[in-house]
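Engineer: Here you go, one structure.
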Amino acid sequence: RSTLFPYTTLFRSLVNGIAKHNWLNNYAIKSLNVHIDSLYEFDNLTDSIKKNNWQIGLRLNVAEEHDPDEPNFKTQFGLSKEEFAIILHKVEKESINILGVHFHLRSNIKNISCYRSALDEIVTLCKKLEFMPKYIDIGGGLPSLGERPIFNADKNSDFSVNGLKSIINSVKAL
């Protein structure tokens, strides 16, 4: 059991965020869930993943992911489709369990169509690569009630929880 959260198990704990390859190999914790953000990170954590039976999620950099302050620029986080395929190919030779796919668009998403596009992209890629994830983590980005972005304030949001629920339910049959 975790000493910080005594009512949870480490198997249910998720290690997420960038640069895990710099420190996570120092901890021989069994059965962690770890989201992988880059091919470099995967390659540097592979031995620990195998030795400690970590369950893996892969972060995909989807087309809808961009810098909210500079929308013409993509973020640097997540795997390209090519890197995603390379990791899936590598795990065929190893005893590594890839459980899911993760993406994080940005904060305060105002239009649910962004989630629809991202999920369609993931479903298409997974089908092409014949990969059936046990979960798709849609990250954060849900708008906070009453909060508006500082720049390019969009008072006309079509975001709704029911709309997002409908989109998520439509991809459950992956």
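Engineer: Taking the stretch 15-24 as the region of interest, how many residues are open to solvent by less than 20 Å² (accessible area, probe 1.4 Å) and either in a strand (DSSP E or B) or modelled with pLDDT of 90 or more (or both)?
Structural biologist: Number satisfying all stated conditions: 1.
Engineer: Search the stretch 21-44 for residues that are under 11 Å from Gln55 (Cβ atoms) and pair each with any residue that is modelled with pLDDT under 90 and open to solvent by 30 Å² or more (accessible area, probe 1.4 Å) when their beta-carbon atoms are under 7 Å apart and the residues are at least 6 apart or on different chains.
Structural biologist: The qualifying pairs are Ser31/Leu10; Ser31/Phe11; Leu32/Leu10; Leu32/Ser13; Asn33/Ser13; Asn33/Leu14; His35/Leu14; His35/Asn16.
Engineer: Of the residues that sit in the stretch 99-130 and are without any contact (Cβ under 8 Å) to a residue 60 or more places away in the chain, open to solvent by less than 20 Å² (accessible area, probe 1.4 Å) and under 12 Å from the mean Cα position of the chain (by Cα), which one is nearest to Ile167 (Cα to Cα)?
Structural biologist: Residue satisfying both the conditions and the ranking: Leu119.
Engineer: Taking the stretch 25-52 as the search range and keeping residues that are of a type in the set (S, T, N, Q) and loosely packed, with under 15 Cβ neighbours inside 10 Å, which one is nearest to Tyr115 (Cα to Cα)?
Structural biologist: Ser31
The values are calculated or read from the model by the stated rules, or taken from the named source; none is laboratory data. Note that the structure is a prediction, hence the values are computed from the model and not measured. Using ideal geometry, Cβ is built from the backbone for each residue, glycine included, and neighbour counts are taken over all protein chains shown. Calculation scope for accessible area: heavy atoms of the full protein, side chains included, ligands and nucleic acids excluded. Shrake-Rupley method; radii C 1.70, N 1.55, O 1.52, S 1.80 Å.
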